[in-house]
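K.L.:
Structure incoming, see below.
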Amino acid sequence: MNSLEPSSDISQRVAIFAPTPQDAKICKQILDDVQIEADFCSSIDQLCDAIEAGVGVGLVGEYHLGHVQLQRLHDVLSRQPEWSDFPVLVLLGTEELSSQRVEQLLSIGNVTLVPCPLRIAVFVSKLRARLRDRRRQYAVRDLLIERRRAVEAAAVDARRLRLALQAGQMGVWEWSQKELYWSPTFYDLYGFEKTVTPDPQRCFERVHADDRDTLVSQWTRSLEQGTELRMEFRIAHPQLGQRWLSAIGEPVRSKSGRVLRHSGIIWDVTQRHESEAALLEAREQAESANRAKSEFLANMSHEIRTPMTAILGYIDLIDEKVDHEETRDHIDTVRRNGKFLLAIINDILDLSKIEAGKFDLAVEPFSPNRLIEDVRSIMNVRATENQIDLHINYDGLVPETIQTDPKRLKQILINLVGNAIKFTDRGSVTLSVSYDPLAKRVLFQVADTGIGMTTRQINRLFQPFSQADSSVSRTFGGTGLGLAISQRLASIMGGEISVESEPGEGSCFAVSIDPGDLTNTRLVPLRPFEDVPVSESSSDVSPLTCSVLLVDDRRDIRFLASRLLSNAGATITEAEDGQEAVDKMQEMLRNDRVVDLILLDMQMPRLDGYRTADQLRRLGYKGPIIALTADAMQGDMDRCIQCGCNDYLSKPIDSALLLEKVRSFVGSEFRL
């Protein structure tokens, strides 16, 4: 038998039982002329194999179909699939067949008898018709296969959906004009008995009164307009009490777009709502605690800074009257420890502001060269006292100006250099500056030849109120806040602090910060400044010829500020609180004898400084108001300016800065 070519459509081929070469030759000639492909079989077994392989039509001569051949064809055709009705063409001989023989041939199945003599056109027509029938049978087969696969896929999807619904404890509902269906889980979610007839009204009756109207409205709109239903609502479950349910539904449409039914799912979301409520309560408690913490810190700042103003101020007054050297040493000790205590307070407040998210950088352009030299000037005294060398190393080209907070950057560097000096008993401390153009970061390194640290000690460095270990705390002192604050400040400034250290070999702290926009900024080599002594004649020592209203509820602060200003030539009027200041201002305005400047404490009983400043402006006072504040928390300057002040001074009062600010306002013909 000729082999079946894989590339051809086997359903359009004819299998011919041609036992003799002559039969095969005649058939081949006919079929070649009409371009019908054929396979020639020399035995009935080969013909049956071709039928089972899927050939389109079988062609056999009647004279080749004996009892054995007929039985063989019956067997193979009985095993054909349901969709297959295999066509067989039987070529008749010249002798007339008996009715019994014809019935025997027709019993094979889908048999077409082709009479003799053979008319080629009729034969070919019948053959093509059977091939078309066979093609249609194969199309039916493909359709049945596709349908079976779709059914199997739908069964798989249904099984997966059922498992998903079970896992998610979801109920299913379906509504149409004819009926309403609830799944068993739907009954459980609402707490209905299984004998209850599905009815939307029964569900609405269990919905919380605050949610019922909205749910009914959405349900009605979904049915009438064919829109999606999506809502979460509360119900009164008969056993579980109040529960939150989430429902999703959508219309199912026909191909023409007509809504056939609505279906959806529903599930319990009580746990999520309870978790959200718990988180909300926790957040509110945290915010309340944070507000209380901020208020406490503000009050603590005021309560500590105000007496510190008196302590440090009165120490300066005493110092002016004392000539005894030992007494002066005692005074210096009190002053030094007072400033140390103030530094601790500042660190605690800085850390609190950072952790509360209320810390803002005062970004401005400045020269890193100038800042480094300021740090060198400040820390060189301490290095000299410890008998070690302080070196500054400018490494390569550095931006001529950078944009960040110079005060906070200086705070970081002073802290790192100060620590390096404190923990170095011999050798040197080196502050290096460089610029990384790839990372676009300015780098500062503080290296020392001090005691160094272990890995365990390094891991504890940046934790608040923590030092390397207790022995360090006992030996060197300190609160352990400086590095924690410095690391957080560096992070806010777009960088970080890293450290490398070996016990006994010293340490190296590296700080990176974002220099801001460097467009049109030159990279220049930085150099140390020349040490030029400040001329004493450069400071303004001219007398103050002005009148000042001093408002503070603390008598000792009023006395101190009054003494400083009156010694400088100012005329002082005092008020114990804000209300008294307002009353005195009203009297001054009536008599047209208004003071040149007001120094106003911001935290006072009866009427605080913020409301006092506002009322003074409403009365028509046009002169400068300088706020005296010990509130070192958020937005001090902004709040003071918003209420009508022109500038502010933080407590403890720096006498030189106080006189400088007063001179700057009264000496410039100030107008608001």
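The values are calculated or read from the model by the stated rules, or taken from the named source; none is laboratory data. The shown structure was predicted, so the numbers you read here are calculated from the model rather than taken from an experiment. As a convention, Cβ positions derive from the backbone with ideal geometry for all residues, glycine included, and neighbour counts pool all protein chains shown. Remember, those area values only see protein heavy atoms, side chains included, never the ligands or the DNA or RNA. Shrake-Rupley method; radii C 1.70, N 1.55, O 1.52, S 1.80 Å.
K.L.:
Strictly under 4.7 angstrom between C-beta atoms: which cysteines of the chain have no such partner?
P.N.:
Cysteines of the chain left without a disulfide-compatible partner: CYS27, CYS41, CYS48, CYS116, CYS203, CYS508, CYS546, CYS643.
K.L.:
Compute, for SER491, the solvent-accessible surface of its heavy atoms (probe 1.4 Å) with the complete set of protein chains present, and express it in square angstrom to the nearest 10.
P.N.:
80 Å²
K.L.:
Hey, another quick one. How much of the accessible area of the chain, in percent, comes from carbon and sulfur atoms when a 1.4 Å probe is used? Please list the in-between numbers first.
P.N.:
Values: 18320 of 37450 Å².
C and S fraction of accessible area: 49 percent.
K.L.:
Quote the relative contact order of the chain in percent (integer), defining contacts as alpha-carbon pairs under 8 Å separated by 6+ residues.
P.N.:
Values: 998 pairs, mean separation 49.4, N = 672.
Once divided by the residue count of the chain, the mean separation gives 7 percent.
K.L.:
How far, in degrees from 0 to 90, does helix 209-225 lean away from the longest principal axis of the Cα atoms of the chain, to the nearest 10?
P.N.:
That helix lies at roughly 40 degrees to the long axis.
K.L.:
Related question: Collect residues whose amide H, placed 1.01 Å from N in the peptide plane, falls under 5 Å from the amide H of GLY226; neighbours closer than 5 in sequence don't count.
P.N.:
Excluding prolines and chain starts, which carry no amide H, there are no hits.
K.L.:
Set the bar at 29 Å for Cα to Cα. Now go through LYS321/LYS422; LYS293/LYS584; LYS339/LYS407; LYS622/LYS651 and name every pair that lies beyond it. Walk me through the numbers on the way to the answer.
P.N.:
On the way: LYS321/LYS422 34 Å; LYS293/LYS584 36 Å; LYS339/LYS407 18 Å; LYS622/LYS651 25 Å.
Table pairs above 29 Å Cα-Cα are LYS321/LYS422; LYS293/LYS584.
K.L.:
Could I ask something else about it? Would you please calculate the Kirkwood hydrodynamic radius of segment 575-649 over all C-alpha pairs and express it in Å, rounded to one decimal?
P.N.:
Working: mean 1/r = 0.0815 Å⁻¹.
In segment 575-649 this quantity evaluates to 12.3 Å.
K.L.:
Further question: Tilt of helix 655-666 relative to the longest C-alpha principal axis of the chain, in degrees (0 to 90, nearest 10)?
P.N.:
Roughly 90 degrees, rounded to the nearest 10.
K.L.:
Work out from phi, with θ = phi - 60° and the Karplus expression 6.51 cos²θ - 1.76 cosθ + 1.60, the ³J(HN,Hα) of each residue of segment 264-277, listed in order in whole Hz, and give x for Gly and Pro.
P.N.:
Values, residue by residue: x, 10, 8, 8, 8, 10, 4, 4, 5, 5, 5, 5, 5, 5 Hz.
K.L.:
As a test of the formula, what do you get for the chain when each DSSP H run with n ≥ 4 contributes -39,500 (n - 2.57) and the sum is divided by the residue count, at 222 nm and rounded to the nearest 500 deg cm²/dmol? Walk me through the numbers before you get to the answer.
P.N.:
Details: 20 runs with 320 residues, N = 672.
The helix-only estimate for the chain comes to -16000 deg cm²/dmol at 222 nm.
K.L.:
5 Å is the cut-off here: which amide hydrogens, built 1.01 Å from N in the peptide plane, fall below it relative to SER263, excluding neighbours closer than 5 in sequence?
P.N.:
Here TRP175, GLU250, VAL252 satisfy the definition.
K.L.:
HN-Hα J couplings of segment 229-241 from phi, Karplus 6.51/-1.76/1.60, θ = phi - 60°, integer Hz, Gly and Pro as x?
P.N.:
9, 8, 6, 10, 8, 9, 10, 9, 7, x, 9, 9, x
K.L.:
With r as the distance between the Cβ atoms of LEU97 and ARG258 and R0 = 56 Å, compute the FRET efficiency 1/(1 + (r/R0)^6) and round to 0.05. Could you put the intermediate results ahead of the total?
P.N.:
Values: r = 61 Å, r/R0 = 1.08.
It comes to 0.40.
K.L.:
Next question. Restricting things to alpha carbons, tell me how big the chain is in terms of Rg and Dmax, in Å.
P.N.:
Rg then Dmax for the chain, in Å: 50.1, 158.
K.L.:
Still on this model: D for segment 540-672, whole µm²/s, Stokes-Einstein with Kirkwood Rh over alpha-carbon pairs at 4 °C and 1.567 mPa s: what number?
P.N.:
Rounded, D is 89 µm²/s.
K.L.:
Specify which residue in the list PRO399, CYS116, ILE51 is farthest towards the positive end of the charge dipole of the chain, using unit charges on the beta carbon of Lys, Arg (+1) and Asp, Glu (-1), about the Cα centre.
P.N.:
CYS116
K.L.:
At a 1.4 Å probe radius, which order do GLU496, GLU574, GLU95 fall into by accessible area, largest first? Intermediate values should be presented prior to the final figure.
P.N.:
Working: GLU496 110, GLU574 70, GLU95 150 Å².
From most exposed to least exposed: GLU95, GLU496, GLU574.
K.L.:
What ranking of TYR190, TYR181, TYR394 comes out by heavy-atom accessible area, probe 1.4 Å, highest first?
P.N.:
Largest to smallest exposure gives the sequence TYR181, TYR394, TYR190.
K.L.:
Determine, for each peptide in 215-227, 436-448, the mean count of other beta carbons within 10 angstrom over its residues, then list the peptides with the highest first.
P.N.:
Working: 215-227: 14.9, 436-448: 17.2.
The densest-packed peptide leads the list: 436-448, 215-227.
K.L.:
Further question: Place the peptides 510-521, 640-651 in order of packing, highest mean first, counting for every residue the other Cβ atoms within 10 Å and averaging per peptide.
P.N.:
Values: 510-521: 16.2, 640-651: 19.5.
In descending order of packing, they fall as 640-651, 510-521.
K.L.:
Next question, about the same structure. Rounding to the nearest 20 debye, state how big the charge dipole of the chain is about its Cα centre with +1 on each Lys and Arg Cβ and -1 on each Asp and Glu Cβ. Walk me through the intermediate numbers first.
P.N.:
Values: 79 positive and 98 negative charges, 521 e Å.
For the chain, the charge dipole is close to 2500 debye.
K.L.:
Still on this structure: Considering only protein heavy atoms, with the full assembly of protein chains and a 1.4 angstrom probe, order LYS28, LYS422 by accessible area, largest first. Spell out each step's value before the answer.
P.N.:
Numbers: LYS28 95, LYS422 70 Å².
From most exposed to least exposed: LYS28, LYS422.
K.L.:
Arranged from highest to lowest average of other beta-carbon atoms within 10 Å per residue, in what order do the peptides 133-139, 429-435 appear? Provide the component values of the computation, followed by the final result.
P.N.:
Working: 133-139: 16.4, 429-435: 20.0.
Per-residue mean Cβ counts within 10 Å order the peptides as 429-435, 133-139.
K.L.:
Another one. Just how large is the dipole of segment 134-288 about the Cα centre, in debye to the nearest 20, putting +1 at every Lys and Arg Cβ and -1 at every Asp and Glu Cβ? Mind dumping the intermediate values first?
P.N.:
Numbers: 25 positive and 23 negative charges, 348 e Å.
It works out to roughly 1680 debye.
K.L.:
Non-local amide H neighbours of THR571 (under 5 Å, H modeled in plane, Pro and chain starts lacking H): which ones?
P.N.:
CYS546, SER547, VAL548
K.L.:
Any idea what angle helix 609-619 forms with the longest principal axis of the chain, computed on alpha-carbon atoms, 0 to 90 degrees, nearest 10?
P.N.:
It is inclined by approximately 80 degrees.
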